[in-house]
């Protein structure tokens, strides 16, 4: 049960939507094997006003590798940047600690969306091609220097 409690806590932190769902109806925790004490603690955490700050910090940590490594792409996306990033986070709810791996994964995900017909401005596609090439080179260099292996 402890592992499920820890997973639920991580999931709550990563998802403001899940926090709201738990606030609205505690049955949103149904997928986790929890004791009554654990369930009550998670309900208290989800309902605590500070949880919004925890979710924000988590999201900023997820945004950092993208802002640092694919800045031109994010800028070129303009008003579509926020929905695209949020869609990426929904598709990949777990970030990667290695900034280049996370940025590479985001670029690959965006390229898949474009290939599937997602409308993206020409400037954004050009920026994406450039940013992705730079990220891939940096990732390859980091891995040959004894860095972490991609997950």
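The values are calculated or read from the model by the stated rules, or taken from the named source; none is laboratory data. Keep in mind that what you see is a predicted model, and the values were worked out from it rather than measured. Here the Cβ positions follow ideal geometry from the backbone for every residue, glycine too, while neighbour counts run over all protein chains shown.
Descriptive notes on the structure:
- Checked against (1) out of contact with any helix residue (DSSP H, G or I) (no Cβ under 6 Å at 6 or more places or on another chain); (2) free of Cβ contacts under 8 Å to residues at least 40 places away in the same chain, residue 88 passes all but condition (1).
- Residue within segment 97-112 that is surrounded by fewer than 18 Cβ atoms within 10 Å (Cβ to Cβ) and at pLDDT below 95 present: yes
- Filter result for residue 133 (exposed (fewer than 13 other Cβ atoms within 10 Å of the Cβ) and outside the structural domain of residue 12 (by TED's automatic domain parsing)): yes
- Qualifying helices (runs of 4 or more DSSP H) (wholly inside segment 45-151; at least 3 residues being more than 30 Å from residue 29 (Cα to Cα) and more than 21 Å from the chain's Cα centre (by Cα)): 122-144
- Filtered residues of segment 22-44 (kept if touching a helix residue (DSSP H, G or I) at 6+ places or on another chain (Cβ under 8 Å) and part of a helix (DSSP H, G or I)): 22, 23, 26, 28, 29, 38, 39, 41, 42, 43
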